[in-house]
Amino acid sequence: GQGIVGAGGVPSSVVSASPGVFHIDPPTAASSNLGFPSVDPPSGTIGSGGSYNVPPGDPVPRDVQNFTYSSVTVGAGATLVFTGSGQLNLNAINVTGGTVRVDGSEVTLVLDTLDTDVNSSFISNASKLKIYGTGNGTFRFAKNNVVNTSQNPAALKLILKGTNSLTLKKDNAFYGAIYAPDALVTVDSNLSWGRVRLMTTRVIFGSFLRK
């Protein structure tokens with residue numbers, strides 16, 4: 001895609017890329033600086049049920065509006081399916097070898113932490129999924145495990161407050177929009193930017209905004 005740096009900036013000094021990472025269009029400098037509004041995640045009540053360890057076996061469906069736990073761990077062989085529509089506030093979702101699937105139509109997740117390891121999957125079948133970071137934790141998608149099945153970037157939005165860090169690691173193919181005006185965002189290893197799918201299977205389709 002196209003990289004745009006602040007007015008007066010020198011793109012070659014601001015934008016750097018590891019071997020194998022490329023921009024289809026050369027980075028340019030903006031004619032004037034833009035204002036980036038701060039992120040204000042939606043308020044909500046975190047459940048009082050403590051941590052929920054999803055059992056392995058058949059997928060476990062849970063409606064987002066009736067989920068009473070404060071955090072979730074999804075281990076090897078386990079699958080948690082969020083159904084319904086609405087907003088769910090949680091301290092953390094940790095996926096350690098399992099799968100989280102969002103099947104609701106319009107879902108908003110408000111989280112301190114979202115962490116998936118290399119053997120995990122995070123799959124969105126939702127028509128619209130917004131994931132807010134509160135600024136109190138980190139977000140990590142490891143390996144090839146964040147999947148927006150619609151392949152429509154508008155259907156998945158990551159919106160991070162403050163200095164939350166976001167890591168998109170090796171071999172991800174990411175379809176979505178990222179708004180992280182103050183966050184430390186790391187695009188790691190074999191993941192590259194692109195607008196034409198045939199050019200690479202490890203790309204970001206959509207938009208990525210930060211200061």
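The values are calculated or read from the model by the stated rules, or taken from the named source; none is laboratory data. Keep in mind that this is a model prediction, so the values were computed, not measured. Reconstructed Cβ throughout: ideal geometry from the backbone, glycine too, with neighbour counts over all protein chains shown. Keep in mind that these areas ignore ligands, DNA and RNA; they rest on the heavy atoms of the full protein, side chains included. Shrake-Rupley method; radii C 1.70, N 1.55, O 1.52, S 1.80 Å.
A few comments on the model shown:
- Summing charges over neighbours of Val81, with a neighbour being any other residue whose Cβ is under 9 Å away from its Cβ, gives +1 when K and R count +1 and D and E count -1.
- Solvent-accessible area of Lys128 with every protein chain in place, 1.4 Å probe, in Å² to the nearest 10: 110 Å²
- Surface share of carbon and sulfur [accessible, 1.4 angstrom probe, percent] for the range 100-152: 39 percent
- Here the convex hull built on the C-alpha positions of the range 81-175 has a volume of 77 cubic angstrom per residue.
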